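> Starting off with a structure, shown below.
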Amino acid sequence: MFEVLTFSLKLWGVRGSTPTPGADALRYGGETTCFELRAGNEITLIDCGSGARNLGVALHAGSLRTFDLFFTHTHLDHICGLPFFTPAYDDRFEITAWAGHFADRSGLMDIICRIMSPPIFPVAANKLRAVTFRNFRAGETLERPGGLTVRTVALNHPGGATGYRMEYQGRSICIITDHEHGNPEIDRAVREFVEGADVMIYDAMFTDEEYPRFVGWGHSTWQKGVELALAANVRTPVLFHHDPRRDDDALDRIGEAARARHPGVLVGTEGMVLTP
């Protein structure tokens, strides 16, 4: 467990699409999307990709037992850690799972039940004794205990996805993944949504050169992330949702190129702690 800070975000998984173990992913990490936000004495989780397994171990060692889990969406790389997230099975915990891209809460429960059922998985979703499911509509603002404000926005992704802006004591962290640029209306809304953010996690799965082969897949490029950060006065853009084909050296090169355009750019790394 990392040191408790007033407002911070820890990255437990930074890959997109599928976990990427191996020697080529040692420095940036190979787990898929999972975040742990600390605001005062409260914990908020965002997404439950494969990085959630290690997060669950850390949470069991701590004393906090009640927290929210916000899903950006429910593609497999963002939910595959839930069956291995040990606090979800422990009735000493109280976990409220939220999603903003379904019309009602049954959508979220249905997806989890589908991945946690034979012959896909031997443990049924009803064993997640600590979890309750709730829904909202992307665009709503949720006021959480302890003074955390959670603002939301609809993103451009197949099946829908939600972006989050976490605000606490005048500081802000935005999570914009999984999102494909190119829809003028959504792009305008996202630009306004991240305006002036201290930190912005951004979907940088592709490069501009690669992107034409993947139009419609629901992801953006590191160049578009940097453009957005410059246009919206984002202090620290963090490139995220790394392509599983991208090795550490390639991510180093992307980071260097991105910082030549915006000196505040970071490349998301497993274990990184961001403190706005």
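The values are calculated or read from the model by the stated rules, or taken from the named source; none is laboratory data. Given the structure is predicted, the values throughout are model-derived calculations rather than measurements. We place every Cβ from the backbone using ideal geometry, glycine too, and count neighbours over all the protein chains shown. What goes into the accessible areas is simple: the full protein's heavy atoms, side chains included, and nothing from ligands, DNA or RNA. Shrake-Rupley method; radii C 1.70, N 1.55, O 1.52, S 1.80 Å.
> What order do you get for 217-223, 154-160 when each peptide is scored by the mean count of other beta carbon atoms within 10 Å, highest first? Before the final figure, lay out the partial values.
Working: 217-223: 22.4, 154-160: 19.0.
Those peptides, ordered most packed to least, come out 217-223, 154-160.
> May I pose another question? Compute a Gaussian network model of the chain, connecting alpha carbons closer than 10 Å, and tell me which residue from ARG144, ARG261, ARG188 fluctuates the most.
Its mean-square fluctuation being the largest, the pick is ARG188.
> Find how much the distance from THR18 to ASP208 grows on full extension, using 0.36 nm per residue of separation minus their present alpha carbon separation; answer in nm with one decimal.
Details: separation 190, 0.36 × 190 = 68.40 nm, distance 2.15 nm.
Extra length available between THR18 and ASP208 comes to 66.3 nm.
> Could you work out how far helix 184-194 tilts from the main Cα principal axis of the chain, as a 0 to 90 degree angle to the nearest 10?
Long axis of 184-194 versus the principal axis of the chain: about 80 degrees.
> May I ask what percent, to the nearest 5, of DSSP beta bridges between residues of the chain are antiparallel?
Numbers: 28 of 56 bridges.
Percentage antiparallel, nearest 5: 50.
> Sticking with this structure for a sec: Relative contact order for the range 151-276 using alpha-carbon pairs under 8 Å, separation at least 6, rounded to a whole percent?
Details: 241 pairs, mean separation 28.0, N = 126.
Relative contact order here is 22 percent.
> Also, I was wondering about something else. Quick one: net charge of PHE121's neighbours, Cβ under 13 Å, K/R +1, D/E -1? Intermediate results must be reported in sequence, preceding the final value.
Values: positive: ARG114, LYS127; negative: none.
Net local charge, PHE121 excluded: +2.
> Quick check: convex hull over the Cα atoms of the range 114-198, volume per residue in Å³, rounded to an integer?
On the way: hull volume 10.9 nm³, N = 85.
That works out to 128 Å³ per residue.
> Right, another one. Compare the peptides 45-58, 90-103 by average per-residue count of other Cβ atoms within 10 angstrom and give them in order, highest first.
Details: 45-58: 24.1, 90-103: 18.1.
Ranking, from highest mean packing down: 45-58, 90-103.
> Give the carbon-plus-sulfur fraction of the accessible surface of the chain in %, rounded to a whole number; probe 1.4 Å, heavy atoms of protein chains only.
Numbers: 5870 of 11350 Å².
Carbon-and-sulfur percentage of accessible area, whole number: 52.
> Same structure again: Tell me, what is the 1.4 Å probe accessible area of PHE136, in Å² to the nearest 10?
0
> Using only the heavy atoms of the protein chains and a 1.4 Å probe, how would THR152, THR86 rank by accessible area, largest first?
On the way: THR152 10, THR86 60 Å².
Largest to smallest exposure gives the sequence THR86, THR152.
> With unit charges on the beta carbon (Lys/Arg positive, Asp/Glu negative), name the residue among VAL57, LEU69, TYR164 whose Cα is farthest towards the positive pole of the charge dipole of the range 46-170.
VAL57
> Let me ask another. Please work out the average accessible area per residue across the chain, using the 1.4 Å probe convention, and give it in Å². Write out the running numbers ahead of the final one.
On the way: 11350 Å² over 276 residues.
That works out to 41 Å² for each residue.
> Something else about it: Could you give the angle, 0 to 90 degrees to the nearest 10, between helix 105-115's Cα long axis and the longest principal axis of the Cα atoms of the chain?
Roughly 90 degrees, rounded to the nearest 10.
> Enter the angle in degrees (range 0 to 90, nearest 10) between the Cα long axis of helix 248-261 and the first principal axis of the Cα atoms of the chain, meaning the one along which they spread out most.
Roughly 60 degrees, rounded to the nearest 10.
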